[in-house]
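Read the structure below first, then the notes.
What follows is calculated from the coordinates using simple rules that are stated; it is not laboratory data. Predicted model only: the values in this text are computed from it and were never measured. Backbone-built Cβ (ideal geometry, glycine too); neighbour counts: all protein chains shown.
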Amino acid sequence: MVSDFLRLEVLPKPTFHKRTQEVQFMNAVLGNAAENVSSDSKVTEKAIKLASVYDVAPMDALHIGAAMTAKVDEFVTLEKPTKPICKVSEIKVRSLHTDIDG
């Protein structure tokens, strides 16, 4: 599952900086997703509630709201496990963050 919010997060910078291979790679990954969740008022309302309850950053709340809309089994993030996004209980959140500093 991908969302309009994920596209917004991963495509503009490499496009602006003319990193063509990165843009092609991201478009391939995004294009192979089983489902795309579009931005809409239901996702936004979920995000506002999540941000209000858990102090989740706005873009992270939109990602979680989109994942909940798609009824995914699990949400995977690279955020540290101590971040608010990892405290959300409405959906299983898995952090792949590795603390390279020990």
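All conditions in (1) within 18 Å of Phe5 (Cβ to Cβ); (2) out of contact with any Ser or Thr (no Cβ under 7 Å at 6 or more places or on another chain) hold for Ile85, with the sole exception of (2). Restricting the stretch 7-40 to residues that are in contact with a helix residue (DSSP H, G or I) (Cβ under 7 Å, 6 or more places away or on another chain), under 16 Å from His63 (Cβ atoms) and of a type in the set (A, V, I, L, M, F, W, C) leaves a set whose member that is surrounded by the most Cβ atoms within 10 Å (Cβ to Cβ) is Val37.
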